[in-house]
Amino acid sequence: MPSDRTDVPEVSKTPPPRARFGGGVVFALVFLTIALSILGVVLTANNQQNLHRLLARLDIDWPIGASEQTQRAPPALKGKRLESVAVRIPAHFMAMPEVDVPGSFVREMRNLGPAFCRAFDEAGISNPGWAQSPMDRRTFECLSEELLGQAGTNSDTDGEGEGDAPVASFFFIAKGDPEGEITSIRMKLVAPPGAEGTQARRKLENAVQVLIETTGWSDLADLDASVRQLADYEHLRFGMSYSFKREFTNGDRFNLIVLPTNKDPASRRARAYFERSTWLPTAPAVPLDWPRMELAVVDEL
């Protein structure tokens with residue numbers, strides 16, 4: 001028998017699921033609140049100095065009218081005023097510095113005498129070496145003189161031959177002190193036309209090369225060129241004078257002179273500063289008496 005009841009669909013009574021993000025939002029809000037509170041305390045501390053530094057770094061103008069800090073006048077000092085006292089200052093304390101007072105770089109030939117003479121001897125310009133001068137005990141020297149032609153009865157040390165005809169010759173002398181410092185170098189050349197004159201010129205050219213190599217003055221190439229061309233040369237460089245000239249009395253005679261000069265005031269001051277004869281004497285050496293312990297070796301019985 002058919003039933004009078006109609007089928008009605010069953011309705012689920014299960015409540016809908018709640019949103020799962022409610023707790024996370026609350027945690028985030030609490031965290032942001034705490035963080036902003038800490039940040040606000042940090043920025044507003046020390047009279048908002050940290051906030052002003054942050055805004056200045058970000059190049060942001062402070063939106064709220066900043067309170068202008070009133071500059072307080074320093075408190076007046078109380079006490080008894082001291083009387084002014086005159087102080088005398090030497091005039092040179094206030095004077096402008098003298099530019100010409102310092103010295104300059106100067107060349108010297110210290111401790112070069114023995115090696116210099118030895119180098120000339122090895123180059124074919126024979127000499128007895130660096131030895132005491134027979135004319136002055138305080139002067140040391142080495143010299144060499146060589147005649148390259150036939151001298152007559154009227155010959156002399158300047159290379160004059162028979163009938164006042166010049167004889168080819170080469171003369172060299174270096175003078176200095178016992179410590180080996182060279183104070184002057186002189187070379188004389190007599191080179192008349194002919195094979196002997198050419199040989200004498202080679203002696204002088206070789207001597208100039210030895211001079212450049214021994215001293216290390218490689219900037220004397222112009223002097224070497226003048227000697228090879230027999231052209232006059234005169235120059236002052238680093239407190240050292242170089243002169244190569246032809247004699248007026250005879251066109252076949254030449255003189256080469258190298259010596260220190262004090263024409264420049266700066267060079268004169270530099271040489272006076274390094275002059276060892278004016279230095280104070282050094283203190284005598286005193287042996288150091290360090291505390292020490294002496295060990296005695298005793299033979300065991």
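Details
- One residue from 140, 170 being under 22 Å from residue 111 (Cα atoms), surrounded by 14 or more Cβ atoms within 10 Å (Cβ to Cβ) and at pLDDT 90 or above: 140
- Taken over segment 120-137, the criterion of being surrounded by 14 or more Cβ atoms within 10 Å (Cβ to Cβ) and either out of contact with any helix residue (DSSP H, G or I) (no Cβ under 9 Å at 6 or more places or on another chain) or assigned to a strand (DSSP E or B) (or both) is satisfied by 121, 131, 133.
- Failed item, numbered, when residue 254 is tested on (1) surrounded by 15 or more Cβ atoms within 10 Å (Cβ to Cβ); (2) farther than 21 Å from residue 113 by Cβ; (3) touching a Gly at 6+ places or on another chain (Cβ under 8 Å): (3)
- The selection criterion, being modelled with pLDDT under 85 and of a type outside the set (Ser, Thr, Tyr), holds for residue 272.
- In segment 216-246, residue farthest from the chain's Cα centre (by Cα) [restricted to those that are closer than 17 Å to residue 172 by Cβ and surrounded by fewer than 18 Cβ atoms within 10 Å (Cβ to Cβ)]: 245
- Listed here are the helices (runs of 4 or more DSSP H) enclosed by segment 187-280 that have at least 3 residues being basic (Lys, Arg): 195-215, 265-273.
- Flag if residue 244 is of a type outside the set (A, V, I, L, M), touching a Leu at 6+ places or on another chain (Cβ under 8 Å), farther than 24 Å from residue 108 by Cβ and at pLDDT 95 or above: no
- Looking across 85, 106, one residue alone is surrounded by 10 or more Cβ atoms within 10 Å (Cβ to Cβ), part of a loop (DSSP other than H, G, I, E, B), among the β-branched types (Val, Ile, Thr) and at pLDDT 65 or above. It is 106.
- Of residues in segment 247-265 being of a type outside the set (D, E, K, R) and within 32 Å of the chain's Cα centre (by Cα), the one nearest to residue 145 (Cα to Cα): 257
The values are calculated or read from the model by the stated rules, or taken from the named source; none is laboratory data. Everything numeric in this text was worked out from a predicted model, so none of it was measured. Heads up, the Cβs are rebuilt from the backbone with ideal geometry, glycines too, and the neighbour counts pull from every protein chain shown.
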